[in-house]
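*Asks:* Can you keep this structure in mind? I'll have questions shortly.
Nothing in this text is a laboratory measurement; each read-out follows from the coordinates by a stated rule. Source: prediction; values computed, not measured. Glycine also receives a Cβ, built like all others from the backbone with ideal geometry; neighbour counts cover every protein chain displayed.
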Amino acid sequence: MNDINNLRKLAGQLIMIRFPGTELDAATADFIKANAIRAVCLFRGNMTDAAQLTKLTTDLRAVMGPQSLIAIDQEGGAVVRATWVPAPPSAMALGAADDVDLARRTGAAVARAVKALGFNWNFAPVLDLNNNPYNPVIAERSFGADPQRAAELALAWMDGSHAQGVACCVKHFPGHGDTNVDSHRDLPTVDKPVTELARLELAPFRTAASGDRAAPALMTAHIVYPALDADNPATMSRAILHDLLREQWGYRGIIITDGMDMHAIAHRYGVGHAAVRALTAGADMVMALGTPQTQEETVEAITAAIASGELPVDAVQQRLDRLAALARDYPCAQPPYLDDAADRAVMAEGWQRALTAHGNPQRPAPGARLRLVVRQDVVSDGVSEAGVPAARVADSLRRLYDVELLTYADADSFDWCALPQDGRFTVLASTSRLRYGAHARSTWRPDLHLALWNPYQALDIAAPALLTYGFAAPALDAVNAWLAGELPAAGTAPVPGFAT
């Protein structure tokens, strides 16, 4: 029995868990202690404010010990979990601003805020190239379509974070940018020849995998790349994780899987079986973000694999050594946060410099009568936070104009032609990640389109547009500054298809 308990504690150190609620409940604490869990990822549902969250991370450290790895997705843009700290511009906003120093200062500001909340691991930056305009899950999370420039900006962001003591984890290797399927929902395929993958998708990751600035951690993608491995998604592919990443590229950092609860994996392979396959393929840690039941199943499966020799103990120890080095190099400290005002200024600069004009947008006259058309609901795709509410966009614009707010429930049936012809300047504000369908593309004709989330929506509507690459409060402030004539739209979309 002792042997099995010891093996379970080896297995437990190879998984990262999540749990519901804003407090560390007794059952979760017991599971952590019984299985020597040392890694947790916290999400929006675990957070209410700074006081609550710092207590939660303190409690986690007390249970997990000095080698705790407490992680967060604080990328910027729509993918942030702590929503009250200074709001970082999205990666594509930084790509539009095209300034490595700004990217570095942004990464540092993000790290200062999350470190003060008790985190030492941030699942960012994204190294995916967004070279598919219909990608449902990446879009503005990518720095752009050019592999060299995306890598330069991402590594600068990462340098800033590391200088503040928060480890980065680049994602989603070998690249999630050229997919039209969300791996949270199904298993995508990127079917390109090796030469094309090497030129595009793989290039930023290869840059981040070597040299003095190598990423300390890398997250796998639940995607099949037939040219690299026709039979397995990257997360479970030894050809990709071990042969390519470890052996050919010489990567020495942590390999962690994306969430194994995602449909691309859990619904096809089963979480326990998939976890073992990921580890034997070369992963160091499995992100077991499901339920207590699937976490237990994962621990049991890994324990059995160690006991049988399928996952040799010496291979486990190599993984534990790498994880211990990450915790040692980026300890879980909780310094006071003294940089809120300065960091908000950095973030505001990023949002302002990202503003991008598409199709020569014109400003309404000061005090003009506006009709603002926005969707009724604010949605989350399970990765991003929910979009900005229609009323908040209206209130922001009311600082400059007489605004009539009109909301719609369904873009596919909303009748644009029925809008009153009363002389109001009509503004469409896009507040979701969803691309528009044929009906909106063929019939909607606003005077100005504010693309407040996914910039590709500006390509759907035949109207001049202003791109923000995100909907945070400083993005709305930047829009107002442009509308007031106080700020140029000097950004350049870092992906093809946009006219200046």
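*Asks:* Hey, any hits in the stretch 97-104 for a residue that's surrounded by 24 or more Cβ atoms within 10 Å (Cβ to Cβ), of a type outside the set (A, V, I, L, M) and not in a loop (DSSP other than H, G, I, E, B)? Talk me through it step by step, then tell me what you get.
*Replies:* Within the stretch 97-104, the first condition is being surrounded by 24 or more Cβ atoms within 10 Å (Cβ to Cβ), and the residues that meet it are 97, 103.
The next check asks that each one be of a type outside the set (A, V, I, L, M); those that pass are none.
Checking the stretch 97-104: not a single residue is surrounded by 24 or more Cβ atoms within 10 Å (Cβ to Cβ), of a type outside the set (A, V, I, L, M) and not in a loop (DSSP other than H, G, I, E, B).
*Asks:* For the stretch 232-256, which residues satisfy the criterion of being of a type in the set (Val, Ile, Thr) and in contact with a His (Cβ under 8 Å, 6 or more places away or on another chain)?
*Replies:* Step one: filter the stretch 232-256 for residues of a type in the set (Val, Ile, Thr), giving 235, 240, 254-256.
Correct list: THR235 only.
Here is a yes/no grid of residues against (1) in contact with an Asp or Glu (Cβ under 6 Å, 6 or more places away or on another chain); (2) within 12 Å of THR22 (Cβ to Cβ); (3) of a type outside the set (Val, Ile, Thr):
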position	(1), (2), (3)
LEU42	no, yes, yes
ALA50	no, no, yes
GLN74	no, no, yes
GLY77	yes, no, yes
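*Asks:* Let me ask something else. With the requirement that a residue be touching a Lys or Arg at 6+ places or on another chain (Cβ under 9 Å) and within 16 Å of LEU155 (Cβ to Cβ), what does the stretch 124-144 give you?
*Replies:* ALA124, PRO125, VAL126, LEU127, ASP128, PHE143
*Asks:* Residue pairs, Cβ under 7 Å, 6 or more apart or interchain, first in the stretch 401-427 and closer than 26 Å to GLY367 by Cβ, second surrounded by 15 or more Cβ atoms within 10 Å (Cβ to Cβ) and of a type in the set (S, T, N, Q). List them.
*Replies:* LEU419/THR426
*Asks:* Report yes if VAL40 is hydrophobic (A, V, I, L, M, F, W, C), more than 26 Å from GLN352 (Cα to Cα) and touching a strand residue (DSSP E or B) at 6+ places or on another chain (Cβ under 9 Å), otherwise no.
*Replies:* Numbers: hydrophobic (A, V, I, L, M, F, W, C): yes; more than 26 Å from GLN352 (Cα to Cα): yes; touching a strand residue (DSSP E or B) at 6+ places or on another chain (Cβ under 9 Å): yes.
Yes.
*Asks:* Quick one: count up the residues across the stretch 71-91 that are of a type outside the set (Lys, Arg) and farther than 11 Å from GLY470 by Cα. Step through it out loud before you land on a result.
*Replies:* Of all residues in the stretch 71-91, those of a type outside the set (Lys, Arg) come to 71-80, 82-91.
Filter once more, so that each one left must be farther than 11 Å from GLY470 by Cα: 71-75, 80, 82-86.
Counting residues in the stretch 71-91 that are of a type outside the set (Lys, Arg) and farther than 11 Å from GLY470 by Cα gives 11.
*Asks:* Tally time: how many residues in the stretch 361-377 are in contact (Cβ under 8 Å) with a residue 60 or more places away in the chain and either in contact with a Ser or Thr (Cβ under 8 Å, 6 or more places away or on another chain) or buried (at least 17 other Cβ atoms within 10 Å of the Cβ) (or both)?
*Replies:* Total meeting the criteria: 3.
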